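Undergrad: Sharing a structure here in structure tokens format.
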Amino acid sequence: MSEEKRFLVDMELLEGFRFNLDFHLEGVDPFIMDEPPPLGKGSGPNASLVLASAIGNCLSASLLFCLQRSRVQVSGLKTSVKGLIGRNPKGRWRIKEITVDIEPKISVEDSKQFERCTQIFEDFCVVTESVRQGIPVKVNVKK
């Protein structure tokens, strides 16, 4: 069964490299993104940080969902996402690696269900698995 859902994010240049993002979600305020100096002023996260955040959030939510479905009591969860940026052979900056550390707080008696979830949760993370496989990106520049 093929099911698809579309989403939309609009971005508008404010000044310099600072953009206002509209996610078209009711009750959600606009979001500011900016490049770090010397291009921008660093008044918001840049695209690399937002991508890393999306990966970390998706993995955290996927693990939490599995644990909750397995009736594991989760009393807290912390995630840290570390990235490595370097130049490719053409000298262009690229994200070379992202490492995600997730620390859920669970009770010891739930360790069997916890182990099962740690083996399967990544496969259900939309963002991480899409990035790992490479997402086709279509670009249109209008005049």
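The values are calculated or read from the model by the stated rules, or taken from the named source; none is laboratory data. Everything quoted here is computed from the prediction, not taken from an experiment. Neighbour counts run over all protein chains shown; Cβ positions are idealised from the backbone, glycine included.
Undergrad: Please find, among Ser53, Ser75, Ser2, the residue that is within 18 Å of Val131 (Cα to Cα) and among the hydroxyl-bearing types (Ser, Thr, Tyr).
TA: Checking each option against the conditions leaves just Ser53.
Undergrad: Would you mention how many residues in the range 47-85 are in a strand (DSSP E or B) and of a type in the set (Ser, Thr, Tyr)?
TA: 3
Undergrad: Quick one: how many residues across the range 7-17 are among the aliphatic types (A, V, I, L, M) and either touching a residue at least 24 places away in the same chain (Cβ under 8 Å) or assigned to a loop (DSSP other than H, G, I, E, B) (or both)?
TA: 2
Undergrad: OK, next. Quick one: which of Lys105, Lys112, Lys143 is at pLDDT below 95, touching a strand residue (DSSP E or B) at 6+ places or on another chain (Cβ under 6 Å) and exposed (fewer than 14 other Cβ atoms within 10 Å of the Cβ)?
TA: Checking each option against the conditions leaves just Lys105.
Undergrad: Another question, then. Look through the range 68-82, keep the residues that are at pLDDT 95 or above and of a type in the set (Val, Ile, Thr), and return whichever of them is farthest from Thr99 (Cα to Cα).
TA: By that ranking, first place goes to Thr79.
Undergrad: Run down Ile98, Ile120 and say which single residue is touching a Gly at 6+ places or on another chain (Cβ under 9 Å), in contact (Cβ under 8 Å) with a residue 24 or more places away in the chain, surrounded by 11 or more Cβ atoms within 10 Å (Cβ to Cβ) and not assigned by TED's automatic domain parsing to the domain that holds Phe17.
TA: Answer to the check: Ile98.
Undergrad: While we're here: For Met33, which of the numbered conditions (1) farther than 25 Å from Gly134 by Cα; (2) surrounded by 10 or more Cβ atoms within 10 Å (Cβ to Cβ); (3) not assigned by TED's automatic domain parsing to the domain that holds Arg116 fails to hold?
TA: Status for Met33: all satisfied but (1).
Undergrad: How many residues does the range 90-143 hold that are farther than 19 Å from Phe7 by Cβ, outside any loop (DSSP other than H, G, I, E, B) and not acidic (Asp, Glu)?
TA: Qualifying residue count, the range 90-143: 23.
Undergrad: Looking at (1) touching a strand residue (DSSP E or B) at 6+ places or on another chain (Cβ under 8 Å); (2) loosely packed, with under 15 Cβ neighbours inside 10 Å, find the lone condition where Ile55 falls short.
TA: (2)
Condition check ((1) touching a residue at least 60 places away in the same chain (Cβ under 8 Å); (2) surrounded by 14 or more Cβ atoms within 10 Å (Cβ to Cβ); (3) within 19 Å of the chain's Cα centre (by Cα); (4) on the phi > 0 side of the Ramachandran plot) across all residues:
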{"position": "Phe19", "(1), (2), (3), (4)": "no, yes, yes, no"}
{"position": "Asp22", "(1), (2), (3), (4)": "no, yes, yes, no"}
{"position": "Gly27", "(1), (2), (3), (4)": "no, no, no, yes"}
{"position": "Pro38", "(1), (2), (3), (4)": "no, no, no, no"}
{"position": "Lys41", "(1), (2), (3), (4)": "no, yes, no, no"}
{"position": "Leu49", "(1), (2), (3), (4)": "no, yes, yes, no"}
{"position": "Ser62", "(1), (2), (3), (4)": "yes, yes, yes, no"}
{"position": "Gly86", "(1), (2), (3), (4)": "no, no, no, no"}
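Undergrad: Could we say that Gln68 is in contact (Cβ under 8 Å) with a residue 24 or more places away in the chain, in the same structural domain as Thr128 (by TED's automatic domain parsing) and polar (S, T, N, Q) here?
TA: No, not satisfied.
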